[in-house]
Amino acid sequence: MFSLQNKKAVITGGGSGIGKAISLLFAKQGAEVHLIELTEESAQEAVNEIKTNGGKVVSHACNVANHEAVVAVFEKIGAIDILVNNAGIAHVGKVDTTPEADFDRIMNVNVKGVYNCLFAAIPQLRKSNGGVIVNMASIAAWVGIPDRFAYSTAKGAVMAMTLSVARDYMSENIRCNSISPARVHTPFVDGFIAKNYPG
């Protein structure tokens, strides 16, 4: 197993689901983990579990769609080695059943939120003479999943940002990659399925 001793990692949406699993593993491998969640309460379970297991963790309440707030949080954290852009929200709908307000909400969190964190993280990665960025994309960026118009669009943008950032910063020893999971049975996904597809 890999070691993250003496590494500082920022994980957005690190309090639940995939983000929580990443946070727990990184802490187990020795990283100082910084969780960015919408509220302190939403990070508390992961924080408690990491601390119980002897890990190092700090939580930060921040809306990733708020540019100024994101920059302030990263400046507070300081030099980092790893960024995992995991925060995101889901949406169900075709193009003609997706209201503009819903489309804007998905773009603000799933696209602008990633941009904001990339923008704020690059200076902090430079302080560590490089590092790693992992953007959580989705299988929805690659294949046509029914009723996922806005979500698929957003994850396609995440893929494009990943490729651009990887090219732009490789000379500074900053690597940028993405992961494109299919359905993962997180509490959110299981709750959605139970509500919308009973039986």
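Every read-out reported here was derived from the displayed coordinates using simple, explicitly stated rules and does not represent laboratory data. Small disclaimer: the values here were computed from a predicted structure and weren't measured. Glycine also receives a Cβ, built like all others from the backbone with ideal geometry; neighbour counts cover every protein chain displayed.
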Which value in deg cm²/dmol, rounded to the nearest 500, describes the helix-derived mean residue ellipticity at 222 nm for the chain, given -39,500 (n - 2.57) per DSSP H run of n ≥ 4 and division by the residue count? -14500 deg cm²/dmol
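Evaluate the charge dipole of the stretch 9-61 about its Cα centre and quote only its size in Debye, nearest 20, assuming +1 on the Cβ of each Lys and Arg and -1 on the Cβ of each Asp and Glu. Please list the in-between numbers first.
Working: 4 positive and 6 negative charges, 46 e Å.
Its charge dipole is roughly 220 debye.
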Only residues of the stretch 63-94 count here: report those whose backbone N is under 19 Å from the spot 7 Å along Cα→Cβ of Met107, or say none. 64-68, 88-94
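With contacts defined as alpha carbon pairs under 8 Å and 6 or more residues apart, what's the relative contact order of the stretch 8-196 in percent?
Values: 359 pairs, mean separation 37.2, N = 189.
Once divided by the residue count of the stretch 8-196, the mean separation gives 20 percent.
Considering only Cα-Cα distances, which of the following residue pairs are longer than 18 Å: Lys7/Lys56; Lys76/Lys127; Lys7/Lys112; Lys20/Lys112; Lys56/Lys76?
Numbers: Lys7/Lys56 11 Å; Lys76/Lys127 13 Å; Lys7/Lys112 26 Å; Lys20/Lys112 22 Å; Lys56/Lys76 16 Å.
With Cα atoms farther than 18 Å apart: Lys7/Lys112; Lys20/Lys112.
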For the chain, the longest principal axis of the Cα atoms and the Cα long axis of helix 17-28 enclose an angle in degrees, to the nearest 10, of 20 degrees
By the gyration tensor of its Cα atoms, with a ≥ b ≥ c the square roots of the eigenvalues, what is the shape of the stretch 39-130: rounded for a/c under 1.5, prolate for a/b over b/c, or oblate? oblate
How would you rank Asp96, Asp168, Asp81, going from fewest to most other Cβ atoms within 10 Å of each one's own Cβ? Asp96, Asp168, Asp81
Mind listing the long-range amide H neighbours of Ser59? Cut-off is under 5 Å, sequence gap 5 or more, other chains count too, H placed in the peptide plane at 1.01 Å from N. Leu35
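Run the numbers for Lys28 and Thr52: contour at 0.36 nm per residue of separation, minus the present Cα-Cα distance, in nm.
Numbers: separation 24, 0.36 × 24 = 8.64 nm, distance 1.10 nm.
My answer for the length gained is 7.5 nm.
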Testing the spin-label approximation: label points 7 Å from Cα along Cα→Cβ at Ile145 and Ser164. State their distance in nm. 2.3 nm
Largest-first principal axis extents, alpha carbons of the chain, Å: 48, 39, 33
Give me the angle, in degrees from 0 to 90, between the Cα long axis of helix 187-196 and the longest principal axis of the Cα atoms of the chain, rounded to the nearest 10. 10 degrees
Working from Cα positions, state the angle (0 to 90°, nearest 10) between the long axis of helix 113-127 and the longest principal axis of the chain. 10 degrees
Amide H within-cut-off set for Val84, under 5 Å, with H built and near neighbours excluded: Val10, Ile11, Thr12, Val134
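List Arg183, Arg105 from most exposed to least, where exposure is judged by having the fewest other Cβ atoms within 10 Å.
Listed from fewest to most nearby Cβ atoms, that is Arg183, Arg105.
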Just want the ordering: Leu35, Leu24, Leu163, from fewest to most Cβ atoms lying within 10 Å of their own Cβ. Leu163, Leu24, Leu35
Unit charges at the beta carbon, dipole of the stretch 23-99: most positive-side option, His91, Asn53, Ala72: Asn53
